[in-house]
Every structure is written in structure tokens, then in C-alpha cells.
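For reference, the structure discussed in these notes is given below.
The values are calculated or read from the model by the stated rules, or taken from the named source; none is laboratory data. Quick caveat: nothing in here was measured; it's all calculated off a predicted structure. Backbone-built Cβ (ideal geometry, glycine too); neighbour counts: all protein chains shown. Each accessible area value is taken on the protein alone, full model and side chains, heavy atoms only, with ligands, DNA and RNA left out. Shrake-Rupley method; radii C 1.70, N 1.55, O 1.52, S 1.80 Å.
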Amino acid sequence: MLKTMTFAMLHFGVAFSITYLLTGSLLIGGAVALIEPTINTVVFYFHEKVWKRIEAKKSLPVSGMTA
């Protein structure tokens with residue numbers, strides 16, 4: 001969860017900076033910096049959970065196979 005939170009903080013900063021540079025608006029920059037990274041962070045958290053399950057399944061021994 002710490003990895004997710006540090007990613008979120010970084011993402012908030014990038015989203016605000018880019019949006020502000022493109023629009024010149026603190027309001028729009030702030031809104032985008034709150035909405036987009038929040039949604040993306042939630043998606044990232046579940047993406048990591050799915051990948052951990054995939055990796056765990058790959059590491060399981062395959063039964064029924066003989067050499």
C-alpha cells in the first residue's frame with residue numbers, strides 16, 4: 001500500500017503541473033490533479049493485485065506431468 005501512496009503523490013504532482021502548463025488555470029489544474037490520479041491510483045492498486053495473482057499461479061508446480 002505504501003508503494004501505491006507514493007505513486008499517488010507523484011502522480012498528483014505530475015497531473016497538476018502538466019494541466020497547469022497547458023491551461024494556465026489553477027482551478028482546472030487542481031481539479032485534474034485530484035480526479036485523474038485518484039482514479040488511476042485505484043486502478044493501479046487492483047492492477048498490482050491481479051499481477052501478483054498471475055505471478056503466484058506461474059510459480060505453482062504443474063501436477064500430473066512426469067519427466
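Of all the options 56, 15, 31, the one that moves most in a Gaussian network model of the chain with Cα springs shorter than 10 angstrom is 56. For the range 17-60, the share of accessible area belonging to carbon and sulfur comes to 72 percent (1.4 Å probe, ligands and nucleic acids excluded). The angle separating the long axis of helix 2-23 from the principal Cα axis of greatest extent in the chain is about 40 degrees.
The heavy atoms of residue 22 offer some 140 square angstrom of accessible surface to a 1.4 angstrom probe.
In terms of the ratio Rg/(2.2 N^0.38 Å) built on C-alpha atoms, what value belongs to the chain? If you can, show how the numbers build up before the last one.
Numbers: Rg = 19.0 Å, N = 67, 2.2 N^0.38 = 10.9 Å.
The value comes to 1.74.
Helix 26-59 and the longest principal axis of the C-alpha atoms of the chain enclose an angle of approximately 10°. Based on protein heavy atoms only, the chain ends up with 83 Å² per residue of surface accessible to a 1.4 Å probe.
The charge dipole of the chain, taken about the Cα centre with unit charges on the Cβ atoms of Lys, Arg (+1) and Asp, Glu (-1), comes to about 340 debye, rounded to the nearest 20.
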